[in-house]
Amino acid sequence: MICYAFPLAHEAGELLKRCTQKEEFSIGGLRCTLANFRGRPILVALVGMGLARAEANTQTIFQYFRPKGFVLAGYGGALIPQLKTGQVVISTNFSSPEVLPFLRLLSGFDFASFCSVDEIVSTPARRDWFAQNNQLQVIDMETAGVADVVFKRSVPFVAVRSVTDEYHHVLPTGALAAGFDAEKGRATPLRLLIYLATHPKEFGPFKKFVAGLSIARNNLTKFLEQLNDELPSSW
């Protein structure tokens, strides 16, 4: 069985729509779905947003399941101008070396170096700092924590992200914080409306960011279909 882990429900939503024989349940704060994805039994787990939360929930996964392969998928931010919204990238510095031969047979993605931090990197200036000081191209908030747990269990690991915020974007961090409760992993639309009513300048950037999410999710799901078909059937 392969585990497909996502930080957020929105990231997993399109893949779950394409699954059959779904059984949903929770283990503490970890939301899970056992399902069949293109003829393969899988576990879909929502590990949450942020390094500590994602790492703790990944530990919970291994307490209850024995996946033979582990895929962490979700959205990511571009640290370089060449990456565009909806572009799918695979981590060269976190993905297991034994998985890379399978990935090279696929299409519709690029390789990149990932960085994980506990902050929303919202401006080009801040992105420059990470790119120039660490020689990285993509930033997220979970990969390093999840990878650490998976590697200790000697399970093949793939980290894949779809770009949602480009290098030149200035993210409306206030609106993003108002619109989502990271602790509970759910949207808070009423709180967002109240915030935007008092911060109207963030409406445009927020609308632009949200518009890119459907493209990013669709491309991510299409790639995961390819990946699922290519990985060993024994997993």
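Each reported figure results from applying straightforward, stated rules to the coordinates on display, with no laboratory input. Keep in mind that what you see is a predicted model, and the values were worked out from it rather than measured. Cβ atoms come from the backbone with ideal geometry, glycine included; neighbour counts cover every protein chain shown.
Which value in Å does the Kirkwood hydrodynamic radius of segment 127-176 take, with 1/r averaged over all unlike C-alpha pairs and then inverted?
13.3 Å
Which value in deg cm²/dmol, rounded to the nearest 500, describes the helix-derived mean residue ellipticity at 222 nm for the chain, given -39,500 (n - 2.57) per DSSP H run of n ≥ 4 and division by the residue count?
Mean residue ellipticity, 222 nm, calculated: -12000 deg cm²/dmol.
Apply the Debye scattering formula to segment 1-110, with a single equal point scatterer on each alpha-carbon and no solvent, then give log10 I(q)/I(0) at q = 0.12, 0.16, 0.22, 0.23 Å⁻¹.
One equal scatterer on each Cα of segment 1-110 leads to -0.45, -0.82, -1.41, -1.48.
Using 1/(1 + (r/R0)^6) with R0 = 30 angstrom and r between the beta carbons of W235 and Q63, what's the FRET efficiency to the nearest 0.05?
Once rounded, the FRET efficiency stands at 0.95.
Could you let me know the centre-to-centre spacing of segment 167-235 and segment 71-132, using Cα atoms, in angstrom?
16 Å
Filter K22/K208; K17/K152; K84/K207; K22/K207; K22/K152 down to the pairs with a C-alpha to C-alpha distance above 27 Å, please. Don't jump to the answer; show the numbers that get you there.
Working: K22/K208 33 Å; K17/K152 32 Å; K84/K207 17 Å; K22/K207 33 Å; K22/K152 29 Å.
Beyond 27 Å between Cα atoms: K22/K208; K17/K152; K22/K207; K22/K152.
Put one equal scatterer on each alpha carbon of segment 99-221, apply the Debye formula with no solvent term, and list log10 I(q)/I(0) at q = 0.11, 0.17, 0.23 1/Å to two decimals.
For segment 99-221 at q = 0.11, 0.17, 0.23 Å⁻¹, log10 I(q)/I(0) is -0.48, -1.07, -1.48.
Would you indicate which of (i) 0.98; (ii) 1.18; (iii) 1.58 is the value of Cα Rg over 2.2 N^0.38 Å derived from the coordinates of this structure?
(i)
Placing +1 on the Cβ of each Lys and Arg and -1 on the Cβ of each Asp and Glu in segment 22-162, which of V88, A131, P156 has its Cα farthest towards the positive end of the resulting dipole?
Sorting the options by dipole projection puts first P156.
What distance in nm separates the two pseudo spin-label positions at Q135 and F111, each 7 Å out from Cα along the beta-carbon direction?
1.4 nm
Specify the longest stretch of the chain that does not include any exposed loop site, a site being one of the GluC sites (Glu not before Pro) with a non-H, G, I, E, B DSSP assignment and at most 15 other Cβ atoms within 10 Å.
Longest gap between qualifying sites, sites excluded: 1-118.
From the Cα gyration tensor of segment 80-156, with a ≥ b ≥ c the square roots of its eigenvalues, which class applies: rounded if a/c is under 1.5, or else prolate if a/b is larger than b/c, or else oblate?
Values: a/c = 2.39, a/b = 1.34, b/c = 1.78.
In terms of gyration-tensor shape, oblate.
Give me the number: length gained by fully extending I120 to F102, i.e. 0.36 nm times residue separation minus the C-alpha to C-alpha distance, one decimal in nm.
Separation in residues times 0.36 nm, less the Cα-Cα distance, equals 3.3 nm.
If you place +1 on the Cβ of every Lys and Arg, -1 on the Cβ of every Asp and Glu, and leave all else neutral, what size is the dipole of the chain about its Cα centre, to the nearest 20 Debye?
Charge dipole of the chain: 420 debye, to the nearest 20.
Would you mind calculating the relative contact order of segment 1-75 from Cα pairs under 8 angstrom and at least 6 residues apart, reporting the percent as a whole number?
Answer for segment 1-75 is 44 percent.
Between V47 and residues 5 or more places away or on another chain, which pairs have amide H atoms under 5 Å apart, with H built 1.01 Å from N, and which residues are they?
Result for V47 returns F6.
Working from the alpha-carbon coordinates of segment 68-115, get Rg over Rh, Rh being the Kirkwood radius.
0.94
Dipole size in debye (nearest 20) for segment 20-101 around its Cα centre, Lys and Arg Cβ +1, Asp and Glu Cβ -1? Don't skip to the end; give the middle numbers.
On the way: 8 positive and 4 negative charges, 33 e Å.
Taking the Cα centre of segment 20-101 as origin, the dipole is about 160 debye.
Grab the Cα-Cα distance for V170 and E14, subtract it from 0.36 nm times how many residues apart they are, and report the gain in nm with one decimal.
53.5 nm
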